Amino acid sequence: MLWLLVLTLPCLGGSVPVTSGTELVGIVGGHDAADGKWPWQVGLWVFDPTSYQWSLNCGGSLIYPQWVLTAAHCIRERNPETRHIKVQLGQVRRSYNDSVQVARIIRHPNYSLENEGPEGGADVALLKLEAPVQPSNLVKWIRLPPASSAFPPGSRCWVTGWGLIAPEESLLPKNLQEVEVPIVADEICRQHYGNRITEDMLCAGSEGRDSCRGDSGGPLVCKWRGTWVQVGVVSWGSKCGLPNFPGVYARVTSFLPWIHLHIHSSP
Ligand code: 4AZ
């Protein structure tokens, strides 16, 4: 019975925008995404062997027909089991039932399982799906950015996910949320976070516009010469939507060689 409660609890949060005074609403600051608008967005259902429950606790993105990019910190177990993760594709609503099986889990070797967690960097992981997916109106992969691409501060990018919309109230949305977030200059981000911001991270967001707990692993996408590319992976931050503390993302261009190594050599 308990698992039923946990699976339904998120639905009770509803998807009504929550306003707390000024503009602090949404993924934080966002709104419901339309069907098929972010067709690469996936939801990670993870089984917790301790509580014996499945929950949609992270996002991810389809980057090739059989590969999902997510955050390493979404894979909590030291020796993760593929049967403890399922991937929801092509849906803006939470739905465990038609999620698909994972065949391999590859956490970045430099991710710090013991100490720093996401703040130690290399917060990326790849999931190989059991079978390639057929592209459709609702399911498509996202392009990775060219190694030479750069997104100047102020670039308007988007982040999506099923994470907290009002951190203080622990509200979870039923529907996928989207919010536009500006890229923040590394120097500005370091002024507030200090040297915790390393080369393989990038910052995006502004007061009241941010990703939050539960959005981790999901994509930060920007338009590059007319097409969407995935620039970041939701990783960490100081609370959500605070002034001066933007969301911190794994910088996808830093991991292109590692991604290609696995995708092109995987059995
Ligand atoms: C988290 O706890 C988390 N505001 C994710 C993103 C952000 C903060 C926290 C960014 O997973």
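Residues are listed down the side, and each one gets a yes or a no for (1) surrounded by 19 or more Cβ atoms within 10 Å (Cβ to Cβ); (2) closer than 22 Å to PRO257 by Cα; (3) under 15 Å from the mean Cα position of the chain (by Cα); (4) in contact (Cβ under 8 Å) with a residue 24 or more places away in the chain:
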position: ASP35; (1), (2), (3), (4): no, no, no, yes
position: LEU56; (1), (2), (3), (4): yes, no, yes, yes
position: VAL87; (1), (2), (3), (4): yes, no, yes, yes
position: SER99; (1), (2), (3), (4): yes, no, no, yes
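Only one residue in SER235, SER211 is touching a helix residue (DSSP H, G or I) at 6+ places or on another chain (Cβ under 7 Å), more than 17 Å from PRO39 (Cα to Cα) and buried (at least 16 other Cβ atoms within 10 Å of the Cβ). Which one?
Only one candidate qualifies: SER235.
Which is touching a helix residue (DSSP H, G or I) at 6+ places or on another chain (Cβ under 7 Å) and either buried (at least 24 other Cβ atoms within 10 Å of the Cβ) or farther than 16 Å from ASN244 by Cα (or both), of SER170, SER216?
SER216
So SER206 ticks every box in (1) within 13 Å of the ligand (Cβ to nearest atom); (2) under 23 Å from ALA125 (Cα atoms); (3) in contact (Cβ under 8 Å) with a residue 40 or more places away in the chain but one. Which box is left unticked?
(2)
Which residue is modelled with the lowest pLDDT, if the candidates are limited to region 40-83 and must be acidic (Asp, Glu) and not in a strand (DSSP E or B)?
Restricting to residues being acidic (Asp, Glu) and not in a strand (DSSP E or B), the top hit is GLU77.
Which of the residues spanning region 31-46 are in contact with a helix residue (DSSP H, G or I) (Cβ under 8 Å, 6 or more places away or on another chain) and closer than 14 Å to LEU69 by Cα?
Initially, region 31-46 is screened for residues in contact with a helix residue (DSSP H, G or I) (Cβ under 8 Å, 6 or more places away or on another chain), giving 44, 46.
Scanning region 31-46 gives a single hit, LEU44.
The values are calculated or read from the model by the stated rules, or taken from the named source; none is laboratory data. The model shown is predicted, which means the values in this text are computed figures rather than measured ones. Neighbour counts run over all protein chains shown; Cβ positions are idealised from the backbone, glycine included.
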